[in-house]
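Everything below concerns the one structure shown next.
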Amino acid sequence: MTILVLVVDDEPDLEVLFRQQFRRDIRSQRFVMEFAGSAAQALTRIADIGDQTLILILSDINMPGMSGLEMLPEARARRPDVPVIMITAYGDAETRKLALERGAEGLLTKPIDFGQLRQEIEARLEQAA
């Protein structure tokens with residue numbers, strides 16, 4: 001069984017940073033981390049998971065085209081079993097409230113606290129086991 005974490009962000013640098021932070025987990029095949037550069041790409045990927053087990057979606061809020069907040073209800077409708085954590089540079093109370101109202105499990109602010117993110121992923125891995 002392949003366990004998948006999907007990261008949605010239009011910044012290519014973020015993929016490098018995530019791969020660096022989780023390189024041991026990825027190398028040891030604890031989970032696969034895939035990246036979508038847009039909300040539309042992510043929704044297509046969510047619909048086409050196949051035999052992988054999607055355990056978490058991490059999505060930026062501000063992206064060109066469809067924003068993460070616009071994608072959120074659609075992602076939750078397609079995969080209500082998969083938690084979504086939003087990532088934003090602006091962790092204000094209104095953004096947090098809107099994300100939670102639309103179905104987000106939580107909100108991480110940039111710069112990302114990778115210790116906190118690792119705890120989130122570990123919790124999902126335990127649930128999937």
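Test Asp81 against the stated conditions and say whether it is open to solvent by 50 Å² or more (accessible area, probe 1.4 Å), over 11 Å from the mean Cα position of the chain (by Cα), over 23 Å from Ala123 (Cα atoms) and without any contact (Cβ under 8 Å) to a residue 24 or more places away in the chain. It is false that Asp81 is open to solvent by 50 Å² or more (accessible area, probe 1.4 Å), over 11 Å from the mean Cα position of the chain (by Cα), over 23 Å from Ala123 (Cα atoms) and without any contact (Cβ under 8 Å) to a residue 24 or more places away in the chain. Among the residues of region 38-72, those that are surrounded by fewer than 19 Cβ atoms within 10 Å (Cβ to Cβ) and within 20 Å of Thr109 (Cα to Cα) comprise Ser38, Asn62, Pro64, Met66, Ser67, Glu70. Selection of region 1-25 for residues being open to solvent by 50 Å² or more (accessible area, probe 1.4 Å) and either assigned to a helix (DSSP H, G or I) or in contact with a Phe, Trp or Tyr (Cβ under 6 Å, 6 or more places away or on another chain) (or both) yields Pro12, Asp13, Glu15, Val16, Leu17, Arg19, Gln20, Gln21, Arg23, Arg24. Where residues in region 97-106 are closer than 15 Å to Asp60 by Cα and assigned to a helix (DSSP H, G or I), which of them is most open to solvent (accessible area, probe 1.4 Å)? The selected residue is Leu100. Of the candidates Glu94, Glu74, the single residue that is farther than 17 Å from Leu54 by Cα and assigned to a helix (DSSP H, G or I) is Glu94.
The values are calculated or read from the model by the stated rules, or taken from the named source; none is laboratory data. What you see is a predicted model; the values in this text were computed from it and never measured. Heads up, the Cβs are rebuilt from the backbone with ideal geometry, glycines too, and the neighbour counts pull from every protein chain shown. In case anyone asks, the SASA skips ligands and DNA or RNA and just uses the protein heavy atoms, side chains included. Shrake-Rupley method; radii C 1.70, N 1.55, O 1.52, S 1.80 Å.
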